[in-house]
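Novice: Below is one structure. I have some questions about it.
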Amino acid sequence: MQEKQNNPPLSGWINGFVGMIIFSGSLPATRAAVLDFDPLFLTVARASIAGLLALLLVITLRGKRPNGAQVLSLIVVALGVVIGFPLLTAFALQHVTSAHSIVFLGLLPLATAIFGVLRGGERPRPAFWIFSGLGSLLVTGFALSQDIAVSAVGDLLMLAAVVVCGLGYAEGARLTRVLGGWQVISWALIIALPLMLTVAVLTRPASFSGISEPAWFSLGYVSLFSMLIGFVFWYKGLAQGGIAAVGQLQLLQPFFALALAATFLQESVSIMMILVTMGVIVCVAGSRRFAR
């Protein structure tokens with residue numbers, strides 16, 4: 001009996017960690033893609049590709065159909081993670097580097113935890129908020145220490161992206177408990193598919209001949225992994241281990257994402273970025289301990 005009680009939280013952290021690793025490549029890939037693709041087209045194209053795959057998945061596996069109330073929640077999920085976050089980050093990455101924007105992801109755990117309380121009914125212990133808030137403060141402090149006059153637009157877009165993404169994460173995790181992880185993201189993509197596919201056709205480039213291979217690869221990554229596969233693991237992890245608790249794994253995401261940006265985009269990563277990342281990693285252990 002004890003083993004059954006402990007397995008769900010453990011499996012939640014494992015699934016959440018896999019999802020976080022997949023998401024770590026999202027911003028570097030988006031940064032590479034917007035060098036050749038228009039941000040709006042990139043957003044609707046990745047959602048359209050993932051939506052078509054989700055439709056095939058639901059038909060093949062005969063996924064459970066949502067009821068009326070669940071459809072409303074799925075619309076919130078779609079607005080948050082299918083449309084809002086990808087679109088806002090794509091525009092932000094025209095103003096800031098992926099290494100700079102990645103630091104804002106440190107705010108996602110706090111945003112997710114807040115919406116976990118508001119939408120998921122969770123009640124973390126007071127010490128949890130201290131560790132979660134400390135991690136977010138470290139990230140915010142770093143952002144404010146930079147030349148914000150140059151990237152004010154990009155920073156504001158990233159902050160807006162964090163808010164809508166946190167809501168989409170919490171709402172999707174709440175639905176996963178009754179629908180299942182792959183069903184939630186699949187139906188959210190399907191709901192957004194008619195609009196995304198229409199806009200993709202209208203905003204497609206006049207010619208694709210000038211699109212580089214890295215841009216095509218990046219489009220494939222954000223479509224298949226960032227929009228679909230990553231959410232299957234992430235939503236399942238949040239539902240199993242708790243929205244606020246497993247959401248703190250996002251504090252580790254900048255570490256992996258910065259490494260990817262430095263490796264594949266040859267972007268500079270300062271010592272301060274590394275120190276801030278190490279600081280928020282320490283906060284994961286503390287927040288995890290007091291999440292319940």
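Novice: Just the residues that are open to solvent by 10 Å² or more (accessible area, probe 1.4 Å), more than 13 Å from the chain's Cα centre (by Cα) and at pLDDT below 90, please, taken from segment 7-27.
Specialist: Selection gives N7, P8, P9, L10, S11, W13.
Novice: Then there is this: Please work out if I148 is modelled with pLDDT under 85, farther than 19 Å from V222 by Cα, open to solvent by 20 Å² or more (accessible area, probe 1.4 Å) and among the β-branched types (V, I, T).
Specialist: On the way: modelled with pLDDT under 85: yes; farther than 19 Å from V222 by Cα: yes; open to solvent by 20 Å² or more (accessible area, probe 1.4 Å): yes; among the β-branched types (V, I, T): yes.
Against the criterion (modelled with pLDDT under 85, farther than 19 Å from V222 by Cα, open to solvent by 20 Å² or more (accessible area, probe 1.4 Å) and among the β-branched types (V, I, T)), I148 qualifies.
Novice: Let me ask something else. Hey, any hits in segment 232-247 for a residue that's part of a helix (DSSP H, G or I) and surrounded by fewer than 20 Cβ atoms within 10 Å (Cβ to Cβ)?
Specialist: Of the residues in segment 232-247, the ones part of a helix (DSSP H, G or I) are 232-241, 243-247.
After this cut, where a residue has to be surrounded by fewer than 20 Cβ atoms within 10 Å (Cβ to Cβ) as well, the list is none.
No, segment 232-247 has no match at all.
Novice: Another question, then. Mind checking which pairs have a first residue in segment 19-32 that is in contact (Cβ under 8 Å) with a residue 60 or more places away in the chain and a second that is charged (D, E, K, R) and open to solvent by 10 Å² or more (accessible area, probe 1.4 Å), Cβ under 6 Å, 6 or more apart or different chains?
Specialist: none
Novice: Which members of segment 151-164 meet the condition of being under 15 Å from the mean Cα position of the chain (by Cα), of a type in the set (G, A, S) and open to solvent by less than 10 Å² (accessible area, probe 1.4 Å)? I'd like the intermediate steps shown before the answer.
Specialist: Within segment 151-164, the subset under 15 Å from the mean Cα position of the chain (by Cα) is 157-164.
Add one more test, that the residue is of a type in the set (G, A, S), and what stays is 160-161.
Correct list: A161 only.
Novice: Name the residues in segment 170-217 that are of a type in the set (S, T, N, Q), open to solvent by 10 Å² or more (accessible area, probe 1.4 Å) and assigned to a helix (DSSP H, G or I), would you? Before you say what the answer is, go through the steps one by one.
Specialist: Looking only at segment 170-217, we keep the residues that are of a type in the set (S, T, N, Q), and these are 176, 183, 186, 198, 203, 207, 209, 212.
Then keep just the ones that are open to solvent by 10 Å² or more (accessible area, probe 1.4 Å); that gives 176, 183, 198, 203, 207, 209, 212.
Hits for segment 170-217 are T176, Q183, T198, T203.
Novice: Return the total of residues in segment 72-102 being over 20 Å from V232 (Cβ atoms) and touching a residue at least 12 places away in the same chain (Cβ under 8 Å). Explain how you work it out, then say what you get.
Specialist: Of all residues in segment 72-102, those over 20 Å from V232 (Cβ atoms) come to 72, 87-102.
From what's left, touching a residue at least 12 places away in the same chain (Cβ under 8 Å): 87-102.
Result for segment 72-102: 16.
Novice: Taking the conditions exactly as written (open to solvent by less than 40 Å² (accessible area, probe 1.4 Å) and at pLDDT 90 or above), does L167 satisfy them or not? First the steps, then the outcome.
Specialist: Working: open to solvent by less than 40 Å² (accessible area, probe 1.4 Å): no; at pLDDT 90 or above: yes.
Here the answer is no, as L167 does not meet what is asked.
Novice: Something else about it: Mind telling me which of the residues T89, T43, T97, T60 ends up being surrounded by 20 or more Cβ atoms within 10 Å (Cβ to Cβ), over 17 Å from G220 (Cβ atoms) and hydroxyl-bearing (S, T, Y)?
Specialist: Being surrounded by 20 or more Cβ atoms within 10 Å (Cβ to Cβ), over 17 Å from G220 (Cβ atoms) and hydroxyl-bearing (S, T, Y) holds for just one of T89, T43, T97, T60, which is T89.
The values are calculated or read from the model by the stated rules, or taken from the named source; none is laboratory data. Computed from a predicted structure; not experimentally measured. Cβ sites come from the backbone with ideal geometry, for glycine too, and all protein chains shown count toward neighbours. With ligands, DNA and RNA removed, areas are computed over all heavy atoms of the protein, side chains included. Shrake-Rupley method; radii C 1.70, N 1.55, O 1.52, S 1.80 Å.
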